[in-house]
Structure formats: structure tokens, C-alpha cells
1. Looking at the range 426-448, is at least one residue more than 30 Å from N513 (Cβ to Cβ), part of a helix (DSSP H, G or I) and out of contact with any helix residue (DSSP H, G or I) (no Cβ under 6 Å at 6 or more places or on another chain)?
2. Kindly indicate the residue of the range 126-147 that is assigned to a loop (DSSP other than H, G, I, E, B) and among the acidic types (D, E) and also farthest from A160 (Cα to Cα) among those meeting that condition.
3. Within the range 195-227, can you find the residues that are open to solvent by 10 Å² or more (accessible area, probe 1.4 Å) and among the charged types (D, E, K, R)?
4. Which condition does V164 not pass, out of (1) over 26 Å from H252 (Cα atoms); (2) assigned to a strand (DSSP E or B); (3) open to solvent by less than 60 Å² (accessible area, probe 1.4 Å), if it passes all the others?
5. Among the candidates Q471, Q430, which residue alone is open to solvent by less than 60 Å² (accessible area, probe 1.4 Å), within 32 Å of the chain's Cα centre (by Cα), over 30 Å from L151 (Cβ atoms) and at pLDDT 95 or above?
6. In the range 117-125, is there at least one residue being among the basic types (K, R), free of Cβ contacts under 8 Å to residues at least 40 places away in the same chain and in a helix (DSSP H, G or I)?
7. Hey, P154 hits all of (1) in contact (Cβ under 8 Å) with a residue 40 or more places away in the chain; (2) open to solvent by less than 30 Å² (accessible area, probe 1.4 Å); (3) out of contact with any Lys or Arg (no Cβ under 6 Å at 6 or more places or on another chain); (4) under 30 Å from V258 (Cα atoms) but one; which does it fall short on?
Amino acid sequence: MGGPGLCCLASSGDRPVLYASGQSILIARLVVHRARDTTRLASIERSHISHFFCQVAEAALATQLKPHQEKSNFIIKTPKGTRDLSPEQMVVREKILDMVVSCFKRHGAKELDTPAFELKEMLTEKYGEDSGLVYDLKDQGGELLSLRYDLTVPFARYLAMNKVKKMKRYHVGKVWRRESPTIAQGRYREFCQCDFDIAGQFDPMIPDAECLKIMCEILSGLQLGDFLIKVNDRRILDGIFAVCGVPESKFHAICSSVDKLDKMSWKDVRHEMVAKKGLAAEVADRIWDYVQCHGGVSLVQQMFQDPRLSQNKQALEGLGDLKLLFEYLTLFGIAEKISFDLSLARGLDYYTGVIYEAVLLQTPAHAEEEPLNVGSVAAGGRYDGLVGMFDPKGHNVPCVGLSIGVERIFSIVEQRMKTFGEKIRTTETQVFVATPQKNFLQERLKLIAELWDAGIKAELMYKNNPKLLTQLHYCENTGIPLVVIIGEQELKEGVIKLRSVANREEVAITRENLVAEIQKRLSES
């Protein structure tokens with residue numbers, strides 16, 4: 001039944017018998033079950049079991065009786081590609097998220113949430129070559145599930161499932177990808193995404209232009225330095241592939257290769273196209289003639305005049321929409337931040353029209369900062385066919401959206417904090433309740449309850465007899481601006497001392513006027 005050299009004990013009546021087993025733990029369980037205590041093991045007839053097997057059984061029994069033995073090789077760490085966030089980091093993160101979400105709300109979006117995992121079949125065949133990066137959950141006898149890879153596919157599933165035809169929504173949540181993490185560049189296996197999407201049938205390019213305006217507002221508001229938003233259109237890319245001689249069956253595969261041009265040289269991308277994906281070398285070279293082009297609206301006009309591309313219907317549709325898009329971007333006052341870049345591909349298969357990606361230029365916001373290469377910090381595009389993939393009748397809902405790369409932005413802000421040695425307050429406490437007296441806990445509790453009931457953020461020390469100097473040092477170290485001090489003298493006179501931590505000035509305030517005075521000072525600070 002098992003590996004040689006190990007045994008299990010069973011009993012036929014009162015007579016123990018021996019059989020082989022590969023699991024020493026089973027020895028202990030059977031011995032414990034049959035013998036009940038160690039005296040039973042000692043009484044086993046030695047003629048039926050060797051001394052070696054008894055030692056094995058005794059060792060297994062000892063293990064069974066010590067279930068909480070220490071694991072010598074156990075290392076406490078977070079899983080690869082994940083991290084904890086300290087209170088200081090959470091303060092910075094929340095400020096970033098607040099700015100992003102306030103922009104989404106300013107543009108009329110509603111908040112939506114979806115499960116962290118989806119049915120596996122909902123996510124399959126949605127991400128092209130990146131499908132292998134989806135985390136599948138272990139089958140435990142129920143549904144086959146996967147952790148969500150992004151927030152876009154769950155949104156499309158939600159629209160189809162609830163038969164929603166028009167919606168402007170934002171969603172902030174974690175996603176998971178099995179890619180090689182690059183912590184220094186803000187690339188993780190678990191990370192937060194902030195998405196904004198507009199679903200519905202509208203006149204062309206108006207929602208798309210608003211998405212680009214939102215990206216500009218957020219990146220400008222975060223003061224990350226100069227940035228550029230690259231735009232392209234999947235129909236133009238497909239038109240380029242067609243006129244260059246790429247077989248239609250290879251469009252997605254070649255698009256995925258083009259998408260790597262921001263990380264790899266053309267030489268390496270060309271090798272992948274030719275050697276790994278079977279594209280003719282001359283076809284790859286013709287693609288290069290196009291994808292190295294970038295510019296503004298003048299490049300759009302130039303592509304209209306291209307003798308080969310102007311003969312492709314798909315490409316002309318894409319160019320027409322881009323021309324209209326630049327008109328709206330000019331009206332929004334952001335056209336100078338936008339570059340028509342024919343190398344932009346966005347590897348996800350569900351994009352059908354305009355695509356865009358924001359990158360920080362290498363000039364830091366401040367001269368003292370080191371440039372940090374974090375890749376794109378925001379991206380998105382149009383996906384008009386994704387909802388139809390979930391609808392039983394194939395009814396489509398046109399959609400366009402964007403995603404803000406919070407982790408990458410956070411990496412930049414973290415580096416800036418280290419460069420300038422910025423100190424971060426981890427609490428929002430406004431007032432500390434202190435006393436110089438012993439046995440004044442009850443009075444402090446009464447006082448802090450009054451402050452809490454008035455909506456004032458307040459703290460006290462969890463000691464019956466704390467030292468006043470210790471309490472004041474705590475306020476200085478944590479940045480609490482005000483201290484209220486109550487003692488025997490104050491209690492007799494019906495006043496409370498109000499102390500400014502910054503300048504250490506103290507004034508006596510009547511108990512009934514204390515809350516109003518605190519609120520006044522806080523509103524002025």
C-alpha cells in the first residue's frame with residue numbers, strides 16, 4: 001500500500017498485525033485509535049514487529065501529539081508581486097484616489113462594483129495573448145472561477161446581464177495578473193485600477209474626447225510632470241496590416257507584437273514577427289514604414305493621402321474619426337498633449353476603435369528628482385463588441401473608457417516623498433484630551449465624548465495617570481494641532497485650557513464655549 005521501510009499497525013482482535021504504508025502520520029493515527037495511549041504500544045508483541053518499526057511508530061505518535069511544532073523553514077513574507085502598504089503610504093494613496101474619483105464624479109459618473117472573481121468562461125478569449133496571465137482559482141467542486149484581470153470585462157458582463165444600454169460609470173478595485181512583477185516600475189501581480197467608462201450609442205468621438213480630457217485633468221492635477229497621450233485606432237492598424245500583406249488570421253498576433261515596441265527594439269519585434277509568428281520579412285518591413293510615424297492632426301491628413309492606406313475602407317473610417325476627435329480635443333484645449341502614434345497597438349483583443357495611452361516624459365516635475373521610467377500611467381480605448389460577447393442574442397452596446405495606473409503613479413509620488421523627505425500625517429486627529437492630574441480618567445472620558453458628539457476628531461491616552469509631558473510630546477510627534485487640558489483647577493473654575501501645539505500658547509475657555517472655539521480655530525487653519 002505504501003513505500004518500503006515504513007509501517008502501520010492494525011489489530012485483528014487482540015493480535016497486532018503489520019502492513020506497509022507511505023504515510024507515517026497514518027501510523028500515529030492508527031496506533032492512537034487502537035492503543036488509546038502509549039502503554040498499548042509498549043505491550044505489542046515484539047515477535048510480530050521489529051524494533052525499527054516500533055521506533056517509526058513512536059516517532060509518528062510523538063508528531064501526532066505535538067501538532068503545533070515550529071516550522072524551521074517558514075519565512076514570513078508577502079507573495080511575489082504583492083506588498084503591504086504602511087499607514088504613511090495609505091495616506092498618499094488615498095489622496096491620489098480622492099483626486100481621481102473627484103474628477104470622475106465631476107464628469108457625471110456613477111460608482112459600480114463587481115466581484116473580485118468571475119466565472120472562468122466569462123474571462124476566456126477576451127485578452128488575446130495575455131489570457132495566460134489570468135489567475136484561475138482551484139476547483140473545489142463548484143463553479144470554475146478566475147480572479148478578474150481588469151475591470152472592463154466585468155463591466156461589459158454587468159451591462160449584458162442587466163440589459164443596461166446607457167451608463168457612465170467609474171470603478172475602483174483590485175485586479176490580478178500572473179506577470180513578472182517589476183516593483184521599481186510599479187508593476188505588481190495584485191494592483192488597483194481606477195476605471196471610467198461611457199456605455200451607449202452616441203454621436204461619434206464625443207465620449208472619446210471626454211475620456212481624453214479626463215486623463216489630462218487627472219495627470220495635470222497630480223502634478224507628475226510633463227506627459228503625452230498617444231492615440232491611434234485599431235481600424236487604422238488593421239488597415240496597415242492589410243495593405244502591407246499580413247494575412248487576416250494573423251492580425252491579432254502581429255498587433256500584439258507591435259504593442260511591444262515601447263519595450264523592445266524594432267529589431268527584436270521584427271524577429272518575433274518573422275521567426276516566431278511566420279510573417280514574411282518584406283511584410284514586416286512594410287509595417288515598420290508606417291508604425292515609426294507619429295505626429296498631430298497633420299499626420300492624420302498625411303495618412304489620408306497615402307496611396308495604399310487610402311484604398312482601405314477600415315483605415316479611412318478610423319482616420320475620419322481621428323480627424324473629428326482632434327477637432328473636439330482642440331475645443332477642449334488639450335490638442336497639444338495628444339500625439340497620433342501609429343505604433344500604439346494596445347494588446348487587448350477587445351479594442352475596436354480609438355485607443356490611447358498616457359506616458360510621462362522623462363523630465364521630472366522638480367529638478368532634484370531622478371527620472372523614473374514607469375511606462376504608461378493611463379490608457380484606454382473603444383470596445384464596441386465586448387458587451388455583445390456576453391449577450392445571448394449578440395446585442396452590442398458601444399463603450400469607450402480609460403484606466404488610471406494608480407500603482408505606477410504611486411511609485412512616482414513615493415520617490416518624490418523620499419527625495420524631499422516629506423513627513424506624512426497618518427491620522428486626522430484634531431484635538432488631544434490631556435490632563436496633568438492623577439485619577440482624572442473619568443473627566444477625560446466625559447470631555448472626549450463631548451468632542452466626538454460634536455463631530456470633532458479627538459484622541460486621549462489609554463492610561464489612568466499619564467504624564468503631561470508625554471501627552472504633549474505625542475501631539476508634537478503626530479501633528480495634532482490642538483490640546484485641551486483638564487485638571488483640578490480647571491474643574492473648579494468651570495474652564496478648559498486650550499493649547500496650540502505649534503506655538504504652545506494656552507487660553508482658558510469656558511466649558512460651554514469649548515466646542516465652538518475649537519471649531520472656529522479648525523476652520524481658520
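The values are calculated or read from the model by the stated rules, or taken from the named source; none is laboratory data. Owing to the predicted nature of the structure, the values given are computational and were not obtained by experimental measurement. Cβ sites come from the backbone with ideal geometry, for glycine too, and all protein chains shown count toward neighbours. Quick note on the areas: whole protein, heavy atoms, side chains included, nothing else; ligands and nucleic acids left out. Shrake-Rupley method; radii C 1.70, N 1.55, O 1.52, S 1.80 Å.
1. Restricting attention to the range 426-448, the residues satisfying the condition of being more than 30 Å from N513 (Cβ to Cβ) are 426.
The next check asks that each one be part of a helix (DSSP H, G or I); those that pass are none.
No, the conditions are met nowhere in the range 426-448.
2. To start, the set of residues in the range 126-147 that are assigned to a loop (DSSP other than H, G, I, E, B) comprises 126-127, 134-135, 137-144.
Next, only the ones that are among the acidic types (D, E) stay: 139, 143.
Numbers: D139: 26, E143: 20 Å.
The qualifying residue farthest from A160 (Cα to Cα) is D139.
3. Once the filter is applied, which keeps residues that are open to solvent by 10 Å² or more (accessible area, probe 1.4 Å) and among the charged types (D, E, K, R), the range 195-227 yields D203, E210, K213, E217, D226.
4. The number of the failed condition is (2).
5. Numbers: Q471 fails: within 32 Å of the chain's Cα centre (by Cα).
Result of the check over Q471, Q430: Q430.
6. Start the filter on the range 117-125 by keeping residues that are among the basic types (K, R), which leaves 120.
Imposing the further condition that a residue be free of Cβ contacts under 8 Å to residues at least 40 places away in the same chain reduces the set to 120.
When the remaining residues are screened for being in a helix (DSSP H, G or I), the result is 120.
So far as the range 117-125 goes, yes, one or more of its residues are among the basic types (K, R), free of Cβ contacts under 8 Å to residues at least 40 places away in the same chain and in a helix (DSSP H, G or I).
7. Only one criterion in (1) in contact (Cβ under 8 Å) with a residue 40 or more places away in the chain; (2) open to solvent by less than 30 Å² (accessible area, probe 1.4 Å); (3) out of contact with any Lys or Arg (no Cβ under 6 Å at 6 or more places or on another chain); (4) under 30 Å from V258 (Cα atoms) is unmet by P154, namely (3).
Let's see how each residue does on (1) out of contact with any helix residue (DSSP H, G or I) (no Cβ under 7 Å at 6 or more places or on another chain); (2) within 18 Å of K457 (Cα to Cα); (3) surrounded by 13 or more Cβ atoms within 10 Å (Cβ to Cβ):
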residue: V484; (1), (2), (3): no, yes, yes
residue: G487; (1), (2), (3): yes, no, yes
residue: I496; (1), (2), (3): no, yes, yes
residue: R499; (1), (2), (3): yes, yes, yes
residue: T510; (1), (2), (3): yes, no, no
residue: L514; (1), (2), (3): yes, yes, yes
residue: E517; (1), (2), (3): yes, yes, yes
residue: S525; (1), (2), (3): yes, yes, no
